[in-house]
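The values are calculated or read from the model by the stated rules, or taken from the named source; none is laboratory data. As the structure is a computational prediction, the values presented were derived from the model and not from experiment. We place every Cβ from the backbone using ideal geometry, glycine too, and count neighbours over all the protein chains shown.
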């Protein structure tokens, strides 16, 4: 049985986000201290249940000071974004996420070579440019489904 915020979401309830977890406090401290924390999520059409949950989770991320954006997978393909998930830390370390056949995160490949890192920074900038703030994306998705 699912528990926590995902279970609340699956039951059709508004998840009760804990903004005082260690991770939450750390992100809030970074963003209030002037650090820029952002993410772009690529969404299938129609979205999977997990993608719908992550869209709802954008509320928590934004409350902590993150710039959370979304874009449709077709739009990501149109602007030549890769199909892989990656994180960029301080614009000079890239972690390309590794998943197993069940789509569970199993690790990450760290990339530090300047040319490769610059390519990922460019991809990040393209994604942020074309992605939509999560609230606007969610409203558009709800209107589309109505």
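This table checks each residue for (1) closer than 20 Å to residue 37 by Cα; (2) modelled with pLDDT of 95 or more; (3) surrounded by 17 or more Cβ atoms within 10 Å (Cβ to Cβ); (4) within 13 Å of the chain's Cα centre (by Cα).
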| residue | (1), (2), (3), (4) |
| --- | --- |
| 79 | no, yes, no, no |
| 83 | no, no, no, no |
| 102 | no, no, no, no |
| 108 | yes, yes, no, no |
| 118 | yes, yes, no, no |
| 130 | yes, yes, no, no |
| 141 | no, no, yes, no |
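Has the stretch 119-131 got at least one residue that is part of a loop (DSSP other than H, G, I, E, B), touching a helix residue (DSSP H, G or I) at 6+ places or on another chain (Cβ under 7 Å) and at negative phi? No: zero hits. Within the stretch 20-50, the residues that satisfy the criterion of being touching a helix residue (DSSP H, G or I) at 6+ places or on another chain (Cβ under 6 Å) and surrounded by fewer than 17 Cβ atoms within 10 Å (Cβ to Cβ) are 37, 44. Scanning the stretch 94-111 for residues that are assigned to a loop (DSSP other than H, G, I, E, B) and touching a strand residue (DSSP E or B) at 6+ places or on another chain (Cβ under 6 Å) yields one hit, 100. Count of the stretch 51-68 residues, restricted to those that are crowded, with 16+ Cβ neighbours inside 10 Å and in contact with a strand residue (DSSP E or B) (Cβ under 8 Å, 6 or more places away or on another chain), is 8. Of the residues making up the stretch 70-79, those that are without any contact (Cβ under 8 Å) to a residue 40 or more places away in the chain and farther than 20 Å from residue 58 by Cα are 74, 77, 78. Tell me whether the stretch 72-93 contains one or more residues that are outside any helix (DSSP H, G or I) and farther than 21 Å from residue 123 by Cα. Looking through the stretch 72-93, none of the residues is outside any helix (DSSP H, G or I) and farther than 21 Å from residue 123 by Cα.
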